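Below you'll find the structure, written out as structure tokens, and then a few comments.
Throughout, read-outs are computed from the coordinates displayed, never taken from laboratory work. Worth saying up front: this structure is predicted, and the values here are computed from it rather than measured. Note that we place each Cβ from the backbone using ideal geometry, even for glycine, and neighbour counts take in every protein chain shown.
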Amino acid sequence: MAETNKSLSSSKIIVILALVVAIVSIGFATYQYSEAQKLKTTEGQKQATDDEAKALKAKVALLMQLPSEKPTVATIKDITKLKDQPFFNGAKNGDKVLIFTEARKAVIYREGDNKIINSGPIAVTSDQQTSKGVTVLASKNGSSADAKTTVAKISGVTVGEGKATKNYTKTQVLDVSGNSADKAKEVAAALGGEVITTLPSGETAPAGASIVVFVKR
């Protein structure tokens, strides 16, 4: 509080100090109330989320066998952003996605029709793996040494290597996790390749990889 240069009588000083104390007390009480309300809101939201997950799991469990764990529930808001992912074929806005991370399984459920749209295994990666796990696969009769060296220079990635099951005429980069699109584009640009949206026939994504590179021969 800015100091005043005006001279004040003792009585005035006492009144002003009392007023300041009252204002501070009211402000502190208001702050405490605000924080308590925030805490209640957060706890309420968590409880509502837990209740929704429990209720949805109970409904889906009547239609199919489910893992014992509590799922994480997501609602599809814009299906157009998922059109390139085969798992979401037939899904629409408003559908619920139940994700069982420990069992590595996901289920798309349409509550209004009490219908399962799709279910299947999922690749679960940590935030670190999502941004760093790049696996470079050489073509069947080729080498990945140059590509691996180039990718290793990209900021924020760690690189693994392996062998593809067939030869490729152009380097292809796949965002396996579905969460590393920008990094996949960066890798493709560095290698003069192209970004693809589905795993090539006959290939398997290495465990723990968020991005897989299929190097041309």
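Which whole-Hz ³J(HN,Hα) couplings does the stretch 177-184 yield from phi under the Karplus relation 6.51 cos²θ - 1.76 cosθ + 1.60, θ = phi - 60°, glycine and proline marked x?
Calculated HN-Hα couplings, in order: 6, x, 10, 10, 4, 5, 5, 4 Hz.
With r defined as the distance between the Cβ atoms of residue 199 and residue 114 and R0 fixed at 30 Å, what FRET efficiency is calculated, to the nearest 0.05? Kindly include the intermediate steps, with their values, before the conclusion.
Working: r = 32 Å, r/R0 = 1.07.
My answer for the efficiency is 0.40.
Kindly flag which residue pairs out of 57/105; 96/183; 81/153; 153/185 have an alpha-carbon separation exceeding 23 Å in this structure.
Listed pairs above 23 Å: 96/183; 81/153.
Starting from the Cα coordinates of the stretch 53-121, work out the convex hull volume and express it per residue in Å³.
It is 80 Å³ per residue.
Evaluate the distance, in nm, between pseudo-label points positioned 7 Å from the Cα of residue 216 and of residue 154 along their respective Cα→Cβ axes.
1.7
With labels modelled as points extended 7 Å from the Cα through the Cβ direction, what inter-label distance (nm, one decimal) is found for residue 84 paired with residue 49?
2.8
Quick one: 3J(HN,Hα) in Hz for the stretch 136-146, Karplus 6.51/-1.76/1.60 with θ = phi - 60°, rounded, Gly and Pro as x.
Whole-Hz 3J(HN,Hα) from phi for the stretch 136-146: 9, 9, 6, 4, 3, 10, x, 10, 10, 4, 5.
Each residue of the stretch 86-99 in turn: what ³J(HN,Hα) in whole Hz from Karplus with 6.51, -1.76, 1.60 and θ = phi - 60°, glycine and Pro shown as x?
In residue order, the calculated couplings are x, 4, 9, 4, x, 7, 8, 4, x, 5, 9, 10, 9, 10 Hz.
Place the peptides 179-188, 154-163, 58-67, 104-113 in order of packing, highest mean first, counting for every residue the other Cβ atoms within 10 Å and averaging per peptide.
Top of the packing list down: 179-188, 104-113, 154-163, 58-67.
Can you sort 137, 98, 199 by how many other beta carbons sit within 10 Å, fewest first? Intermediate values should be presented prior to the final figure.
Details: 137 26, 98 23, 199 14.
Ascending number of Cβ neighbours within 10 Å: 199, 98, 137.
Within a Cβ distance under 13 Å of residue 116, other residues only, what is the Lys/Arg minus Asp/Glu net charge?
Spelling it out: positives minus negatives among the neighbours equals +3.
Taking 0.36 nm per residue of separation and subtracting the Cα-Cα distance, what length does fully extending residue 92 through residue 179 add? Please list the in-between numbers first.
Numbers: separation 87, 0.36 × 87 = 31.32 nm, distance 2.02 nm.
Length gained between residue 92 and residue 179: 29.3 nm.
Dipole magnitude of the stretch 168-217 about its Cα centre, charges +1 at Lys/Arg Cβ and -1 at Asp/Glu Cβ only, in debye to the nearest 20?
In total the dipole reaches around 180 debye.
If amide H atoms are built 1.01 Å from N in the plane of the peptide, which residues on other chains or at least 5 residues away come under 5 Å of the amide H of residue 136?
The answer is 160, 161, 162, 213.
For residue 117, enumerate residues with amide H under 5 Å from its amide H, sequence gap 5+ or separate chain, H modeled in the peptide plane.
For residue 117, whose amide H was placed from the backbone, the distant partners under 5 Å are 108, 109, 110.
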